[in-house]
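For reference, the structure is listed below as structure tokens.
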Amino acid sequence: MAEVAGVGWLQRLHDRRRLWAALAVVGALAIALGSLTPGSQMPSNLPWDKANHFIGYAGLAGLIGLAGVRLPLAFLIAVLYGIAIEVAQIPVPGRSGGDWADILANSLGAGFAMLLLAGFRRWLR
């Protein structure tokens, strides 16, 4: 029990739902801004596109889960948001919207975050 007592600060940080909710909204807005920017205005030296999708949606899903949304619903929200962004990207010049590989990377990132958060919560108990 002494081990768990030593991570009390981590538990308190985990329980700051309003903070995580605000960060989830900021994250969603950042994803939308980056995703809906015309291709001609995007930096040419971004790392691997699918890794960007994976990391971005892992972060978004994790923040949604930390905000107090049940993990299966947090996963679903992140995946549906990713699909909506892909559809919204279709008319954006220089962007290839509706890419199934991007949707898969988004979903895998969200799922990975849910597994990490579930494991973290189990460890805290």
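The values are calculated or read from the model by the stated rules, or taken from the named source; none is laboratory data. It should be emphasised that the depicted structure is a prediction, and the values quoted were computed from it without experimental measurement. Reconstructed Cβ throughout: ideal geometry from the backbone, glycine too, with neighbour counts over all protein chains shown.
The table that follows gives values for the structure above.
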| read-out | value |
| --- | --- |
| Cβ-Cβ under 6 Å pairs, at least 6 apart or on other chains, region 27-51 side of a type in the set (S, T, N, Q), far side not in a helix (DSSP H, G or I) | SER35/GLN89; SER40/GLY94 |
| Residue among ALA113, ALA101, ALA118 that is surrounded by fewer than 18 Cβ atoms within 10 Å (Cβ to Cβ), at pLDDT 95 or above and either out of contact with any strand residue (DSSP E or B) (no Cβ under 7 Å at 6 or more places or on another chain) or of a type in the set (D, E, K, R) (or both) | ALA118 |
| Of all residues making up region 66-92, the number that are in contact (Cβ under 8 Å) with a residue 40 or more places away in the chain, over 17 Å from GLY27 (Cα atoms) and not in a helix (DSSP H, G or I) | 2 |
| Lone qualifier among ILE31, ILE55 - being closer than 14 Å to GLY111 by Cβ, at pLDDT 85 or above, not in a loop (DSSP other than H, G, I, E, B) and not hydroxyl-bearing (Ser, Thr, Tyr) | ILE55 |
| The lone exception for ARG95 - which of (1) surrounded by 15 or more Cβ atoms within 10 Å (Cβ to Cβ); (2) in a helix (DSSP H, G or I) it fails | (2) |
